[in-house]
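The values are calculated or read from the model by the stated rules, or taken from the named source; none is laboratory data. All values reported here derive from a predicted model rather than from experimental measurement. Please note: Cβ atoms are built from the backbone with ideal geometry, for glycine as well, and neighbour counts cover all protein chains shown.
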Amino acid sequence: MFDFLPETLRLSLFPELLSWWGLAPFFFRLVIAFVSVKEGLAIRRSPHRLLKIVAYGEIITAIFILLGFQTQLSALVLAFLSFSFLLLQKQIRPLTPAEKHYRLLHISICLSLLFLGPGFWSIDLQL
């Protein structure tokens, strides 16, 4: 596809870092777990019953993701919970563009974990 570029421009800049492939999913797990727990604790104070269910689901799946236990399933569930929170919150009050973008970023990190797997330092086995 990029045959017009010289081969030296198409090589990886830091090839020795490729052996540390599992750090990216590990960092994704850390970030998404801490953000989801923080949000879940804030949402659970909502008077709406469905939002409380979503909040407790976010907290539980975030703990699973942090530990690296059933990471792909937990990431899929967390993406679904985040999407359902987006829909439920939209019915309660209009969302700002920043809140929408934040939730879409949240969902995209969860989907990245679904495809990348748990990464380093997890309970799940590396395949």
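Quick check on my filter: what residues within region 109-127 are exposed (fewer than 13 other Cβ atoms within 10 Å of the Cβ) and either over 18 Å from Ile63 (Cβ atoms) or within 13 Å of the chain's Cα centre (by Cα) (or both)? Result: Phe115, Leu125, Gln126, Leu127.
Of all residues in region 105-127, those that are assigned to a helix (DSSP H, G or I) and either among the aromatic types (Phe, Trp, Tyr) or in contact (Cβ under 8 Å) with a residue 12 or more places away in the chain (or both) total 10.
Annotation note: of Leu51, Leu18, Leu11, the sole residue that is of a type in the set (A, V, I, L, M) and surrounded by 10 or more Cβ atoms within 10 Å (Cβ to Cβ) is Leu51.
Residues considered: Ala33, Ala42. Of these, the only one that is in contact with a helix residue (DSSP H, G or I) (Cβ under 9 Å, 6 or more places away or on another chain) and modelled with pLDDT of 95 or more is Ala33. The numbered conditions (1) over 11 Å from the mean Cα position of the chain (by Cα); (2) closer than 23 Å to Trp20 by Cα are all true for Ile43 except (2). Looking across region 69-95, the residues that are surrounded by fewer than 18 Cβ atoms within 10 Å (Cβ to Cβ), assigned to a helix (DSSP H, G or I) and out of contact with any helix residue (DSSP H, G or I) (no Cβ under 7 Å at 6 or more places or on another chain) come down to Leu73, Phe80, Leu87, Lys90, Gln91, Ile92.
Screening Ile65 with (1) in contact with a Lys or Arg (Cβ under 6 Å, 6 or more places away or on another chain); (2) over 16 Å from Leu23 (Cα atoms); (3) modelled with pLDDT of 95 or more gives one miss only, at (2).
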